[in-house]
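Shown next, in structure tokens, is the structure this report addresses.
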Amino acid sequence: MTLADIATKLEGKFGADLSKKTEFRGELSFTLPVGKLSEIAAFCKDSLGFDYLTDISSVDNFGDEPRFELVYELYSMASGLHLRLKTTVSEDDLEAAPTVSTLWRTADWHEREIFDMMGIRFAGHPDLRRILMWDGYPFYPLRKDFPLEGKPSDMPDVAFSNIAPLEGGPFVTSPSSATVKDREPRARHPDILDQPRKPAYEVDSEPA
């Protein structure tokens, strides 16, 4: 089976629901309504052989409506083909997207991460809870209206107690003629060196 065969079968069955067809570097992409996601995803797995979900990502098109886009990366182990499905979710209906974890178990953690970072809820997910941030955290850090410096937290032991330096990123050196040692972020912000640190592990000095 080729990408052309995949496109023909998808368009033959769901032609009215598919839009923005693109082929690029051996990958095929379609955009579809979120209400047809379950049906089309099941067809892709059961009839077209896309037995592996490699990733689900989300995009915040802040200022547009629908605001959010979901991107599903599918792969067929048998044919080695890639298929990308895209759909959109309105900020006013964040529960519109159905889970695909019943089709691909890998979707479980992908959907939890998107919920955690973007606030999109996947209807029917068996255990939709935060996976990176702590329970009760009220914000969604990957939304474009979330400030780079973060927001105040009532749990300072969980994250930075002070705003992290952003010059070149908190863990990235800044271009200059200085030595690497002097460009290292902690050298630019000596107050960081004053913070107590615990060893990641204890090394047993006794011979085995």
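The values are calculated or read from the model by the stated rules, or taken from the named source; none is laboratory data. The model shown is predicted, which means the values in this text are computed figures rather than measured ones. Every residue, glycine among them, receives a Cβ derived from its backbone with ideal geometry; neighbour counts consider all protein chains shown.
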message = Take the conditions without any contact (Cβ under 8 Å) to a residue 60 or more places away in the chain, over 22 Å from residue 120 (Cα atoms), in contact with a helix residue (DSSP H, G or I) (Cβ under 6 Å, 6 or more places away or on another chain) and acidic (Asp, Glu) and apply them to residue 17. Does it pass?
response = yes
note = Subset of the range 116-153, residues among the basic types (Lys, Arg) and in contact (Cβ under 8 Å) with a residue 24 or more places away in the chain, comes to 121, 143, 144
task = Restrict the check to the range 109-132 and report whether at least one residue is under 17 Å from the mean Cα position of the chain (by Cα), assigned to a loop (DSSP other than H, G, I, E, B), among the basic types (Lys, Arg) and closer than 21 Å to residue 75 by Cα.
result = no
ask   = Is there any pair with a first residue in the range 32-46 that is touching a residue at least 60 places away in the same chain (Cβ under 8 Å) and a second that is part of a helix (DSSP H, G or I) and of a type in the set (D, E, K, R) whose Cβ atoms are under 9 Å apart and which are 6 or more apart or on different chains, and what are they?
value = 35/17
ask   = So is residue 9 more than 26 Å from residue 120 (Cα to Cα) and either in contact with a helix residue (DSSP H, G or I) (Cβ under 7 Å, 6 or more places away or on another chain) or of a type outside the set (A, V, I, L, M, F, W, C) (or both) or not?
value = yes
Flag if residue 87 is closer than 25 Å to residue 23 by Cβ and in contact (Cβ under 8 Å) with a residue 24 or more places away in the chain = yes
task = From (1) over 18 Å from the mean Cα position of the chain (by Cα); (2) on the phi > 0 side of the Ramachandran plot, pick out the condition that doesn't hold for residue 28.
result = (2)
message = With the structure loaded, tell me whether residue 105 is exposed (fewer than 15 other Cβ atoms within 10 Å of the Cβ), part of a loop (DSSP other than H, G, I, E, B) and modelled with pLDDT of 95 or more or whether it fails that test.
response = yes
